[in-house]
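Some notes on the structure that comes next.
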Amino acid sequence: MKSEQAIKSKLEEILGLKPGAAELETPPDKAMGDYAFPCFKLAKQFRKAPNLIAAELAEKLSESGLSAQAAGGYVNFRLDRTAFAKDVLEAYEQAGASYGASSEGQGRAVCVDYSSINIAKPFHIGHFRTTVIGHSLCRIYAKLGYKPVGINHLGDYGTQFGKLIVAYKRYGDRDAIEQNPMIELMKIYVRFHEEAEKDKSLEDEAREWFRKIEDGDEEAQSLFEWFKDMTLREVKRVYDDLDIEFDYYTGESFYNDKMAPVIGELREKGLLELNDGASVVDLAEYNMPPCLILKADGASLYATRDLAAAIYRKETFDFAKSLYVVAYQQDLHFKQVFKVLELIGREWAKDMEHVSFGMVSLEDAALSTRKGNVVLLVDVMKKAVEKAMAIIEEKSPGLADKETAARRVGVGALVFDTLSSNRIKDISFSWDRALNFDGETGPYCQYTHARACSVLAKAEWFPNRNAAFDKRADCHPPLHESPNNTVGADGNLPVKTDIGDNLSDDEAFELLRLIEEFPGAIKEAARKNEPFIITRFALDIAKAFNKFYYEHRIMDDDESIRTARLRLTAATRGVLAEALRLIGLYAPEKM
């Protein structure tokens, strides 16, 4: 037996299961085998005891040439580790940088609506999850042959901008705002709400200024564009540190002139009805409250603009999928929007998905821009970089360009921490946890990558380095490595010497098993829209490599052993680097 996937495929064939339905386990004792298939869930289907099913399966599998043995209600499998090691390493070395990639996407677009900052409001820690989840999904889908379209759906519409204009005209200082836009705008926005509690007329004044923005009033439009320009200038600094580039910054206001056709279509198809003066689509048949399309005064709502945006994106990009990386509080909203699209005959509504995630709160309070109760992301990133610099100064004082390294490690720690749990879980932001570089963290994975690079550098395993390979070649070495410093004209590696049984030990097998699983992990992460799967994988392979590193002397005096272990180290390094890249982290050579 040569691979886990081959075992699964054979089980699915014999049992008549759908592809991907057969799940294997790892036996608690290696003496029992490398993989195990539990038969307990099949007892009801086949009306047999699990141990009898296991015995029959083992017999059929053995007839197919697999090493299978029944043990109670399990079928245990043992791989030919020498053949397995050869196949895994050759598969990795042949693919090089494209290992784990696929063409399943066929260049089709996947729209990813994420980050979605609010104009004139600070980029706080609560926005971080949507930002890093969406960024990772863009990279994961690109790896699978899709064309991700990153969209920052700006919050740039609503009466809050009328409030901000009132606040600016009453309490604002233009010079102070220019020097520190987000802090000063937040101050006057908070003050507006404090004053509005005492003077209700301020709310009417704010609504009037928002109406002026909608009507194109010169002063109102000028102030609104000023707020927007300053916001984008400030947040771009954060995006630069995260290595994020959006394809489009098309916010809510962009769809202001695209809502009328949607409203007209709803009326034409008899879906729009009045409810207390408001225009709604009745969704009671689908166990949902009515979807509000227009307020009683004719004003549009989020749903109106999201319907227009969905249609525009389909017409513009002809997406295969359209993802909305938005907190789970908006579950009902997106269910309503998707259902309304379905009701007006947009069959592609089935290709839209709300990628929900849990909320971020402070340890002792909820995040609230209105009350000024926020933790600014720039402050968190600054502290993380400062901590990384202190560690680098202590442990690697001679490291070149320590500032760049500290920024990559510090920011990477925050990204990894945010993606280190299932996205649907709520998070209580903790300074101590976010800035903890010990244990199961991003810096641990980055350091493991640097350790592997150090071993390979000593063995001169990075020939023909080409900085054009990757714009980050200084921290993500080319994945084509060769022990004899020669690479074929086609970019592929030369044929390697036989590794024999030099990688048959448990530590090497665990690394090889993980390397083989990497392509499947990428597909699973896309299927579930769950970057955590890649984060967990990066941590698992880092742990496995460190165990291998401590248990075995890679630079062994025996050339055949040394070559085999270096090949495994090179493959591990490449896969770990790619896993980190997929979740938005740099993979440094030195730390």
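The values are calculated or read from the model by the stated rules, or taken from the named source; none is laboratory data. Since the model is a prediction, treat every value here as computed from it, not as a measurement. Glycine gets a Cβ as well: all are built from the backbone with ideal geometry, and neighbour counts include every protein chain shown.
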*Of the residues in the range 76-132, how many are aliphatic (A, V, I, L, M), closer than 30 Å to ASP318 by Cα, surrounded by fewer than 22 Cβ atoms within 10 Å (Cβ to Cβ) and modelled with pLDDT of 90 or more?*
2
_Scan of the range 383-424 for residues that are touching a helix residue (DSSP H, G or I) at 6+ places or on another chain (Cβ under 9 Å) and either at positive phi or part of a loop (DSSP other than H, G, I, E, B) (or both), ordered by number_ = SER396, LEU399, LEU419, SER420, SER421, ASN422, ARG423, ILE424
*Of these, LEU66, LEU79, LEU61, LEU89, which one is under 17 Å from GLU4 (Cβ atoms), part of a helix (DSSP H, G or I) and in contact with a strand residue (DSSP E or B) (Cβ under 8 Å, 6 or more places away or on another chain)?*
LEU61
_Based on this model, can you work out whether TYR312 counts as surrounded by fewer than 16 Cβ atoms within 10 Å (Cβ to Cβ), of a type in the set (Phe, Trp, Tyr) and under 32 Å from the mean Cα position of the chain (by Cα)?_
yes
*Within the group GLY150, GLY145, GLY216, GLY155, which residue is within 30 Å of ILE534 (Cβ to Cβ) and out of contact with any helix residue (DSSP H, G or I) (no Cβ under 9 Å at 6 or more places or on another chain)?*
GLY145
*Is at least one residue of the range 219-231 surrounded by 17 or more Cβ atoms within 10 Å (Cβ to Cβ) and over 27 Å from LEU377 (Cα atoms)?*
yes
*Determine which single condition LYS339 fails, assuming it passes every other condition in (1) assigned by TED's automatic domain parsing to the domain that holds SER253; (2) among the basic types (Lys, Arg); (3) closer than 20 Å to TYR157 by Cα.*
(3)
*Single residue of the range 122-144 satisfying the filter (assigned to a helix (DSSP H, G or I) and of a type in the set (A, V, I, L, M, F, W, C)) that is nearest to ILE165 (Cα to Cα)*: ILE125
*Would it be correct to say that GLY100 is in contact (Cβ under 8 Å) with a residue 12 or more places away in the chain, out of contact with any strand residue (DSSP E or B) (no Cβ under 8 Å at 6 or more places or on another chain) and over 30 Å from PRO181 (Cβ atoms)?*
yes
*Scan the strands (runs of 3 or more DSSP E) fully inside the range 254-317 and keep the ones with 1 or more residues being closer than 24 Å to THR159 by Cβ, touching a Lys or Arg at 6+ places or on another chain (Cβ under 6 Å) and free of Cβ contacts under 8 Å to residues at least 60 places away in the same chain.*
278-281
*Just to be sure, is ALA22 part of a loop (DSSP other than H, G, I, E, B), surrounded by 15 or more Cβ atoms within 10 Å (Cβ to Cβ) and not acidic (Asp, Glu)?*
yes
*Only one of these is under 30 Å from LEU582 (Cβ atoms) and of a type in the set (Val, Ile, Thr): ILE183, ILE188, ILE117, ILE177. Name it.*
ILE117
*Out of the residues in the range 232-263 that are surrounded by fewer than 17 Cβ atoms within 10 Å (Cβ to Cβ) and among the aliphatic types (A, V, I, L, M), which is farthest from SER300 (Cα to Cα)?*
LEU232
_Pick from the range 149-175, criterion within 17 Å of ALA320 (Cβ to Cβ) and surrounded by fewer than 22 Cβ atoms within 10 Å (Cβ to Cβ), ranking: nearest to the chain's Cα centre (by Cα)_ = GLY150
*Which of the residues that make up the range 105-121 are touching a helix residue (DSSP H, G or I) at 6+ places or on another chain (Cβ under 8 Å) and either part of a loop (DSSP other than H, G, I, E, B) or small (Gly, Ala, Ser) (or both)?*
GLY105, ALA109, TYR114, SER115, SER116, ILE117, ILE119, ALA120, LYS121
